[in-house]
Every structure is written in structure tokens, then in C-alpha cells.
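Let me begin by presenting the structure, written as C-alpha cells, before commenting on it.
The values are calculated or read from the model by the stated rules, or taken from the named source; none is laboratory data. A quick note: this is a predicted structure, and the numbers were derived from the prediction, not measured. Neighbour counts run over all protein chains shown; Cβ positions are idealised from the backbone, glycine included. Please note that ligands, DNA and RNA were not included when accessible areas were found on the heavy atoms of the full protein model with its side chains. Shrake-Rupley method; radii C 1.70, N 1.55, O 1.52, S 1.80 Å.
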Amino acid sequence: MTDDQQIVHGVDLNKLEGFAEYAAENPDAVQLGLGARSTYEGTCAHSLAKVDSYTLGGETISRETREYTIPYGAWKEVMDAGGWVGGTDRLEPIEAALSALASCINVGISVNAVANGVDIEKLQTRVRTDFDPSVLFGLADLDEADGVFDNLTAEVEIEAEGIYEETIDEWTRRAPVFAFVSLAQDVDIAVETTTAMHADD
């Protein structure tokens, strides 16, 4: 480590400051394009997801080591009750979304803590929600989708000197996945099919 390096929580503070200055002066150069895809595996609710390459400032970055794969499914007890044959536990997409939210809240807090000279001794975020599957199974109309989730909570347990709850709340809200799930997002759905599609009579 050189004399001018100051590394805190795995981050070189000088480089972080330089990156922040560069990003402020060149916002287009730090914009990210992100994506993923998921392929149905032939068993209802089972898909294999893969993370796509990403773009940084318009440049595509692709590495085999970033081609993460995730086998998605559901809960064994629910599958057994619903008639699945040989149902097995797999990570359910909602749980993945919850874990992503909890992890991203940690990102929002830790990044801003490092940037503001706050030393974190301990940080753990727990996210929970109640889920009503009625819309999924066609037992409720689509216009009731806004009531599918209830009691979405995030509990942040943190040990750090000289930090206020209001500051942690702000840093939490800076987490990208927090904005993704808590603010209105438009999803442009494009459907490609090789079979004829007929409108309901």
C-alpha cells in the first residue's frame, strides 16, 4: 500500500473521491445498462435465469465469469399442495427480489458511510413481506395486483459511531433496488411469438 492510499472497508478513498468527481463532471460516462433473461425449463414455475452483459457509458462489457445462473422455482410444500409431481425446493423469485432489496440497502448504506467517513462495525438488513397469490393463480382480477403485497418492511441493524436514524433512512433510500421496488416504474412489455395469437371472444 502506498503512502497516499487510505483503504476503508475495502475501498481506496482517494480513488472513490476521484470517481465521484469524474461522475459529477461526466454523468453520461457512468450510466449503466443492465439486463437478465430467464428460460422456462418445462416444469411449471421453473426457469433458469442468466445475467446478461452490461453497458457502462455506452460500452458493452461481457465476461464469462459474470454469466451468473440462478435456478428459480418455488416452495416444496406449496408445489406438493398444488399438484406438482416430485416438487423440490428452489429459490422463489419473490425471495430473490427481497434478498436483492436487503443487499442493495446494505450497498446504499455502506457506500455512503465510506464516502462520509463513517466506520460501520456491523450492518444487517432484513426485509419481509406478506404475499397473496390470488392474482397469480387467476383467483382475483388483475386490477387487484396492487394489493398482492402487504406489510413490506426493512429492518436495518447497524453499529456505527456518530450516526443518526435520519441519515440511515436517507442512505437506505439511495439504494437503487429500493427505488426499483418502491417507486413507480414503467415496464415496456414486448411479446415475440411464432404461433398465432387470438383475442378472447
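Can Asp80 be described as free of Cβ contacts under 8 Å to residues at least 60 places away in the same chain, surrounded by 12 or more Cβ atoms within 10 Å (Cβ to Cβ) and either part of a loop (DSSP other than H, G, I, E, B) or of a type in the set (Asp, Glu) (or both)?
yes
Which numbered condition in (1) open to solvent by 60 Å² or more (accessible area, probe 1.4 Å); (2) closer than 30 Å to Glu157 by Cα is the only one that Ser62 fails?
Every listed condition holds for Ser62 apart from (2).
For Val85, work out the one condition from (1) over 30 Å from Asn26 (Cα atoms); (2) open to solvent by 70 Å² or more (accessible area, probe 1.4 Å); (3) touching a strand residue (DSSP E or B) at 6+ places or on another chain (Cβ under 9 Å) it doesn't fulfil.
All conditions pass for Val85, except number (3).
If I filter region 121-143 for residues that are hydrophobic (A, V, I, L, M, F, W, C) and under 16 Å from Asn106 (Cβ atoms), do I get at least one hit?
Yes; the residues of region 121-143 include at least one that is hydrophobic (A, V, I, L, M, F, W, C) and under 16 Å from Asn106 (Cβ atoms).
If Glu121 passes every condition in (1) surrounded by fewer than 11 Cβ atoms within 10 Å (Cβ to Cβ); (2) without any contact (Cβ under 8 Å) to a residue 24 or more places away in the chain but one, which one does it miss?
(2)
Based on this model, can you work out whether Asn26 counts as without any contact (Cβ under 8 Å) to a residue 40 or more places away in the chain, open to solvent by less than 80 Å² (accessible area, probe 1.4 Å), of a type in the set (S, T, N, Q) and out of contact with any strand residue (DSSP E or B) (no Cβ under 8 Å at 6 or more places or on another chain)?
Here the answer is yes, as Asn26 does meet what is asked.
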